[in-house]
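Let me begin by presenting the structure, written as structure tokens, before commenting on it.
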Amino acid sequence: MKKGSFIEINFPNWKEEVNNGLIILDFWAEWCSACSVQDKFYKDLLAKFPDKLKVGKINVSDNRVLTEKFRVKNIPYLILFNNGEEIARMEGLESTSYLVRLIEKELET
């Protein structure tokens, strides 16, 4: 488990990562400018929760099976999981403060 930095998620490793701790799955593409903006928020989150949070990056162009499995239609798109349980889904840009509240709430349980 690699905490504190982005993890490349693909079909072979997604289950292991999702079932092991608190993780944001970020669906993105290189051509998506909003996705690049969202990355800055993720870096802030990783700095705030260095030993408690992972951010998994799923390139929709390279991972169509996962994109379809999670019914992702637009990007950026994120799904928050805690030990395999889906906590939240969000489409579009999300602020750091909103994500911090979600993560803190989950860490309290």
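Taken together, the values in this text are just the output of simple stated rules run on the coordinates, not laboratory data. Worth saying up front: this structure is predicted, and the values here are computed from it rather than measured.
List of remarks:
- Tensor-based shape of region 34-86 (alpha-carbon gyration tensor, a/c under 1.5 rounded, otherwise prolate or oblate): oblate
- Centre-to-centre separation between the Cα atoms of region 43-63 and those of region 69-109: 11 Å.
- DSSP bridge pairs, the chain: antiparallel proportion in percent, nearest 5: 55
- Computed Rg/Rh of region 6-108, alpha carbon atoms with Kirkwood Rh: 0.92
- The helix-based estimate of mean residue ellipticity at 222 nm for the chain, built from -39,500 (n - 2.57) per DSSP H run of four or more residues and divided by its residue count, is -11000 deg cm²/dmol to the nearest 500.
- Extension gain from SER61 to GLU30, taking 0.36 nm per residue of separation minus the Cα-Cα distance: 10.3 nm
- Lys pairs, the chain - Cα-Cα below 17 angstrom, 8 or more residues apart or on other chains: 27
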